[in-house]
1. Checking residue 369 against (1) modelled with pLDDT of 90 or more; (2) assigned to a loop (DSSP other than H, G, I, E, B); (3) within 24 Å of residue 141 (Cβ to Cβ), only one condition comes out false. Which one?
2. Considering every residue within the range 45-64, establish whether at least one is crowded, with 21+ Cβ neighbours inside 10 Å and not in a strand (DSSP E or B).
3. Would you say residue 312 is among the β-branched types (Val, Ile, Thr) and not in a helix (DSSP H, G or I)?
4. Working carefully through the options 215, 201, find the one that is without any contact (Cβ under 8 Å) to a residue 12 or more places away in the chain, open to solvent by less than 60 Å² (accessible area, probe 1.4 Å) and either in contact with a helix residue (DSSP H, G or I) (Cβ under 9 Å, 6 or more places away or on another chain) or of a type in the set (Val, Ile, Thr) (or both).
5. In the range 293-325, which residue that is among the aliphatic types (A, V, I, L, M) and out of contact with any strand residue (DSSP E or B) (no Cβ under 6 Å at 6 or more places or on another chain) is modelled with the highest pLDDT?
6. Tell me which residues, restricted to the range 233-282, are open to solvent by 30 Å² or more (accessible area, probe 1.4 Å), part of a helix (DSSP H, G or I) and of a type outside the set (Gly, Ala, Ser).
7. If a residue counts only when it is more than 30 Å from residue 48 (Cα to Cα) and open to solvent by 50 Å² or more (accessible area, probe 1.4 Å), which helices (runs of 4 or more DSSP H) contained entirely in the range 73-192 have at least 3 such residues?
8. Would you mind stating whether residue 230 is open to solvent by 50 Å² or more (accessible area, probe 1.4 Å), under 29 Å from residue 329 (Cα atoms) and more than 22 Å from the chain's Cα centre (by Cα)?
Amino acid sequence: MSIQFKTGVFALALLGSTTLGGIAAQAADQEISWIYCGDTMDAVHAKYIKQWEEKNPGWKVTPEVVGWAQCQDKATTLAAAGTPVAMAYVGSRTLKEFAQNDLIVPVPMTDEEKKTYYPNIVDTVTFDGNQWGVPVAFSTKALYWNKDLFKQAGLDPEKPPKTWAEEIEFAKAIKEKTGLAGYGLPAKTFDNTMHQFMHWVYTNNGKVIDGDKIVIDSPEVLAALQAYKDITPYSVEGATAYEQNEMRAIFLDGKVGMLQSGSGAAVRLKDTKVNWGVAPLPLGPSAKGEGTLLITDSLAVFKGSGVEEKAIEFAKFITSPGPQGEYELQGAAGLTPLRPSPMVDEFVKKDPYWKPFIDGIAFGGPEPLFTDYKGFQNVIIAMVQSVVTGQAEPADALKKAAGELEEYK
């Protein structure tokens with residue numbers, strides 16, 4: 001099929017593609033080239049690459065470590081130029097776009113493979129009835145609260161909010177009694193603003209898209225947007241100036257009562273004087289159980305490398321329960337385990353704060369898959385910002401967003 005890169009992740013200049021193509025040119029029949037995101041190669045992955053090579057004589061895995069800000073764009077540019085690497089680390093949110101542009105091959109899972117994962121994980125890489133990547137990293141969110149600020153506000157420091165209504169009530173009490181923000185709501189023009197809102201959608205049994213049908217204009221999502229409006233007066237002032245890590249820094253400094261954040265915050269909180277707790281995300285009125293946005297990154301196998309089958313074999317090996325469990329349970333990485341296991345049970349027993357990050361998976365949902373993911377992301381960010389700044393009422397903002405999303409599905 002002809003590829004037209006109009007918007008989204010594929011709106012990239014192909015300048016220098018001849019030079020970049022040298023990477024793919026090195027991908028001989030017996031080599032699997034891998035664009036590996038990060039600053040350094042993780043020791044666990046290095047260990048298992050060597051193990052796989054020993055079991056597959058004549059084959060070599062050649063990772064190229066590329067910084068987070070550039071790695072996905074580099075993989076995309078090479079594929080679009082017709083000089084793909086064999087495999088790359090990508091955000092699962094982009095798999096639909098890659099697949100529809102015929103740049104990657106399916107990586108189908110057997111029913112047995114699917115059953116090894118926690119519920120809903122496989123949905124994050126599934127489009128049009130097929131899997132298009134192998135999950136390699138996973139994150140969920142939970143609610144952190146500052147026990148000292150709860151106490152100063154006259155709240156029980158050992159009882160976090162269980163519902164949105166309590167969360168808003170507690171945030172109000174903290175703001176009025178302590179003068180500090182009761183809740184940290186980030187609304188900067190940044191991808192995490194969309195992520196933060198999706199946690200509220202999934203804690204109220206909502207959805208953005210169902211197949212190819214836009215279903216965001218629903219009572220469940222409207223309730224989430226209304227809750228955003230209601231909690232904004234008790235949040236950090238000027239929410240549009242902050243993204244999640246900036247808001248987390250304020251919480252680590254003891255200046256905000258509640259925050260939804262990943263497991264990495266717990267690791268950092270251990271080095272502070274904050275008296276904190278962590279609990280499942282509070283639930284909306286339509287919730288069916290503890291929920292969260294399920295964000296995965298995946299290994300995508302690119303079409304045209306000539307080693308697609310062997311790359312799939314390696315991708316499944318490096319993410320299989322043994323290697324993957326060792327990689328994700330290092331602690332400081334802030335990853336949520338992809339699969340249940342005795343090793344995970346021991347991990348949670350050692351650090352009980354992990355439990356809410358896992359419990360939220362059951363009723364969680366994936367990053368919505370759009371043909372133009374960045375277009376979708378920008379619509380959600382604009383919708384959230386219009387409500388928290390008071391420029392639009394939730395119902396009007398939601399209706400506008402629903403219409404705009406038709407263009408990107």
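1. Status for residue 369: all satisfied but (1).
2. Taking the range 45-64 as the starting set, the residues that turn out to be crowded, with 21+ Cβ neighbours inside 10 Å are 48-49, 61.
Applying the additional criterion that residues be not in a strand (DSSP E or B) yields 48-49.
Yes: one or more hits.
3. On the way: among the β-branched types (Val, Ile, Thr): yes; not in a helix (DSSP H, G or I): no.
Answer is no for this residue.
4. Numbers: 201 fails: without any contact (Cβ under 8 Å) to a residue 12 or more places away in the chain.
Unique residue meeting the criteria: 215.
5. Taking the range 293-325 first, the residues among the aliphatic types (A, V, I, L, M) are 293-295, 299-301, 307, 311-312, 315, 318.
Going one step further and asking which of them are out of contact with any strand residue (DSSP E or B) (no Cβ under 6 Å at 6 or more places or on another chain), we end up with 293, 318.
On the way: 293: 95, 318: 98.
Filtering the range 293-325 for residues that are among the aliphatic types (A, V, I, L, M) and out of contact with any strand residue (DSSP E or B) (no Cβ under 6 Å at 6 or more places or on another chain), the one modelled with the highest pLDDT comes out as 318.
6. Matches in the range 233-282: 233, 234, 240, 244, 245, 246, 248, 250, 252, 267, 268.
7. Working: elements: 95-100, 111-115, 147-152, 164-178.
By residue number, 147-152, 164-178.
8. Numbers: open to solvent by 50 Å² or more (accessible area, probe 1.4 Å): yes; under 29 Å from residue 329 (Cα atoms): no; more than 22 Å from the chain's Cα centre (by Cα): yes.
No, not satisfied.
The values are calculated or read from the model by the stated rules, or taken from the named source; none is laboratory data. What you see is a predicted model, and the numbers here were worked out from it, not measured in a lab. Quick reminder, even Gly has a Cβ in these numbers, built from the backbone with ideal geometry, and neighbours come from all protein chains shown. With ligands, DNA and RNA removed, areas are computed over all heavy atoms of the protein, side chains included. Shrake-Rupley method; radii C 1.70, N 1.55, O 1.52, S 1.80 Å.
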